[in-house]
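The values are calculated or read from the model by the stated rules, or taken from the named source; none is laboratory data. The structure displayed is predicted, hence computed values, not measured ones. With ideal geometry, Cβ positions are generated from the backbone for all residues, glycine too; neighbour counts draw on all protein chains shown. When the accessible area is computed, the model is the full protein with side chains, heavy atoms only, and any ligands, DNA or RNA have been set aside. Shrake-Rupley method; radii C 1.70, N 1.55, O 1.52, S 1.80 Å.
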Amino acid sequence: FKRVAYSFVIAFFFWFFIKSEDTYTLNVNIPLVARNLQEQKTYKEEVPESIFVTLKGAGRSFIWLRLFNSFYQNDFKAVIDLSSITDEYNFELDSYYKENPEKIVLPSSLDLKFIEVLSPRNVQIKLQRYLVKKVPIKSQILSSTEPGYIALEGIFSPDSISIGGPEETVNAIKF
């Protein structure tokens, strides 16, 4: 019985070794990183954190990727270049990455190839001028006192703070 069991284990390892050389496609989430944001600009809306893509490669490469995911974390991303965007731009991601394959960063030690973007198909980037505004600090504390006592108004130090963000959002803050 032991010989039969050992034979099956050895056969399984040989089969696994041979099958891991085959080419497979896998759908995975990869981080989306926006780079080269112009100075004095900020996002009006948040950019998605990741995109869902199809990759092609040897089964062994996908196994290494799954086992050592944290090791490959910095070598695994999709980059959007914002250097030429002034206000708003709609990225059609699949065609963007097919025209700029260097923007899909995959671990060089793994034999993986980008095939297509599944989701989201488009990313709308909206930028606004980054604005810093000084706003006063005012108390919203209501206090009551016992008869015969007087409540003094609180004094804050510092008397104001600076806030920053998209121009439209910062200008909407009134105090």
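Quick look at the numbers
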item	result
Most to least packed among 118-126, 152-160, 131-139 [average Cβ atoms within 10 Å]	118-126, 131-139, 152-160
Count of lysine pairs in the chain with Cα separation under 13 Å (8 or more residues apart, or interchain)	10
Portion, in percent, of the accessible area of the chain that falls on carbon or sulfur, probe 1.4 Å	55
Amide H partners (placed H, <5 Å) of Ile80, local residues excluded	Val33, Ala34, Arg35
Positive-pole candidate from Tyr149, Gln128, Ile173, dipole of region 98-175, charges at beta carbon	Gln128
Size of electric dipole in region 53-95: Cβ of Lys, Arg +1 and of Asp, Glu -1, about Cα centre, debye, nearest 20	560
Dipole of the chain, positive direction: furthest Cα of Ser7, Leu26, Tyr43, with charges on the beta-carbon	Ser7
Label point at Ile161 placed 7 Å out along Cα→Cβ; residues across region 117-155 whose backbone nitrogen lies under 12 Å	135-138
CD proxy at 222 nm, helix term only [per DSSP H run n ≥ 4: -39500 (n - 2.57); per residue of the chain; nearest 500]	-6500 deg cm²/dmol
Point-charge dipole on Cβ atoms (K/R +1, D/E -1) for the chain, about Cα centre, debye to 20	720
Accessible area of the chain divided out per residue, in Å², using a probe of 1.4 angstrom	73
